[in-house]
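Report on one structure; see the data block that follows.
The values are calculated or read from the model by the stated rules, or taken from the named source; none is laboratory data. What you are looking at is a predicted structure, and each value in this text was computed from that prediction instead of being measured. Cβ placement follows ideal geometry from the backbone for every residue including glycine, while neighbour counts extend to all protein chains displayed.
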Amino acid sequence: MKKRILLIYTGGTIGMNRSENGYAPEKGFLQKLLGNVPVLRDPSMPDWELLELDPLLDSSNMTVLDWNAIGDIIAKHYDAFDGFVVLHGTDTMAYTASALSFSLENLDKPVIITGSQIPLFEVRNDGLDNLLTAMIIAAEGKVREVALCFADKLFRGNRCTKINTSGLNAFSSPNFPLLAEIGTTIQYNEMIPQTAPKGAFRVQSLSKIPIGIIKVFPGIQFELFEEIMTESLKGIVLETFGAGNIPGAADAILPIVRKAHEHGTVLVICSQCLRGSVSLGTYETSAALKNAGAVCAYDMTTEAAVAKLYYLFSCGYDADTVKEMMEQDLAGELTK
Ligand code: ASP
């Protein structure tokens, strides 16, 4: 039996057209383009249908509500298709991949996110290769999780980060091996097991939880950020130096940390380094964070930490439970 794949176009370069203000997504344009690519209807390809999000978005404009819209489409068509390919802009692709890895609970089918750096309508483009490969991987069904396919690599979705503004090799998963390498054949990494779902597939709807990211830099005046640390701020991801270090004396609880603590804001410590893990308390400069009950993100990307905060608070957990769960591996997003 031929496999059936649902393509979900959310917007992004891959299906964009030229407009007065530069590339922009256009309703129906990708459908037309794909109709002119005979190889997509080759007998060796899976059967497919295309659905478009309304409105189509440059991924810079995506919010949690758009993540919900993607999840809802997948839920609605879950039984009718063997796999899903989400066509998406590269700018926030790693955030969406992370968010879906949490919100698509008990997923047991491939959800492959891809896009391109050059639009498909251009003669020289990376979109067609990315699309064909993502469709084949979605049809093969070996990877039954949210994965990101780009430039001949298949990454775990919640381990990715965009590393290049213009190079075709736009993504990396610095703390996790590739799920597959795509050469003359698709070489799946057999060392990475696919976990069996623990229940029926469902989509956790995400809410617009007030959270933030602060990137630490030499000379940062933490007091400037004090004002935003109110009880309405549910979580902050602090991108620290190295293994979790921030400027400040070890025993002096910084006002920002103290305020987060007082107001029950979950303070998540990520690293600005692409590789390696956060380890609070290794240096004096991270001791204050540890003592103030900050959460260690270990080797999670900032994208995954943000998505996980959205997810856990949307599930309705209280701050203490969120703190506990942030440090647990829920969807393959961290290694302790
Ligand atoms: N700005 C575009 C987007 O993220 C870039 C891309 O698709 O690569 O939608």
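Summary table below
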{"quantity": "From the options Tyr78, Tyr95, residue that is away from the ligand (no atom under 12 Å from the Cβ) and either in contact with a Lys or Arg (Cβ under 7 Å, 6 or more places away or on another chain) or of a type in the set (Ser, Thr, Tyr) (or both)", "calculated": "Tyr78"}
{"quantity": "Selection within region 8-24 - over 18 Å from Val123 (Cα atoms) and touching a residue at least 24 places away in the same chain (Cβ under 8 Å)", "calculated": "Ile8, Tyr9, Thr10, Gly11"}
{"quantity": "Single residue of region 207-225 satisfying the filter (assigned to a loop (DSSP other than H, G, I, E, B) and in contact with a Leu (Cβ under 8 Å, 6 or more places away or on another chain)) that is farthest from Ile256 (Cα to Cα)", "calculated": "Lys208"}
{"quantity": "Val123 more than 14 Å from the chain's Cα centre (by Cα), more than 14 Å from the ligand (Cβ to nearest atom) and crowded, with 22+ Cβ neighbours inside 10 Å", "calculated": "no"}
{"quantity": "Residue ranges of strands (runs of 3 or more DSSP E) in region 1-115 with at least 3 members aliphatic (A, V, I, L, M)", "calculated": "4-9, 83-87, 111-114"}
{"quantity": "Failed item, numbered, when Leu132 is tested on (1) surrounded by 20 or more Cβ atoms within 10 Å (Cβ to Cβ); (2) outside any loop (DSSP other than H, G, I, E, B); (3) not hydroxyl-bearing (Ser, Thr, Tyr)", "calculated": "(1)"}
{"quantity": "Single unsatisfied condition, Leu57 versus (1) in contact with a Gly (Cβ under 6 Å, 6 or more places away or on another chain); (2) over 26 Å from Ala180 (Cβ atoms); (3) more than 16 Å from the ligand (Cβ to nearest atom)", "calculated": "(3)"}
{"quantity": "Helices (runs of 4 or more DSSP H) fully within region 226-336 counting 2 or more residues that are of a type in the set (Ser, Thr, Tyr)", "calculated": "284-291, 302-314"}
{"quantity": "Near pairs, Cβ below 6 angstrom, 6+ apart or cross-chain, from region 182-194 (farther than 14 Å from Pro110 by Cβ) to any residue that is hydroxyl-bearing (Ser, Thr, Tyr) and surrounded by 10 or more Cβ atoms within 10 Å (Cβ to Cβ)", "calculated": "Ile182/Thr133"}
{"quantity": "Per-region count, region 3-50, residues away from the ligand (no atom under 16 Å from the Cβ), touching a helix residue (DSSP H, G or I) at 6+ places or on another chain (Cβ under 8 Å) and closer than 15 Å to Pro119 by Cα", "calculated": "2"}
{"quantity": "Residue among Pro174, Pro210 that is within 16 Å of the chain's Cα centre (by Cα), surrounded by fewer than 19 Cβ atoms within 10 Å (Cβ to Cβ) and modelled with pLDDT of 95 or more", "calculated": "Pro174"}
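This table checks each residue for (1) out of contact with any Gly (no Cβ under 9 Å at 6 or more places or on another chain); (2) farther than 15 Å from Ser271 by Cα; (3) not small (Gly, Ala, Ser).
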residue: Ala297; (1), (2), (3): no, no, no
residue: Val306; (1), (2), (3): no, no, yes
residue: Tyr311; (1), (2), (3): yes, yes, yes
residue: Tyr317; (1), (2), (3): yes, yes, yes
residue: Asp320; (1), (2), (3): no, yes, yes
residue: Glu324; (1), (2), (3): yes, yes, yes
residue: Glu327; (1), (2), (3): yes, no, yes
residue: Leu330; (1), (2), (3): yes, yes, yes
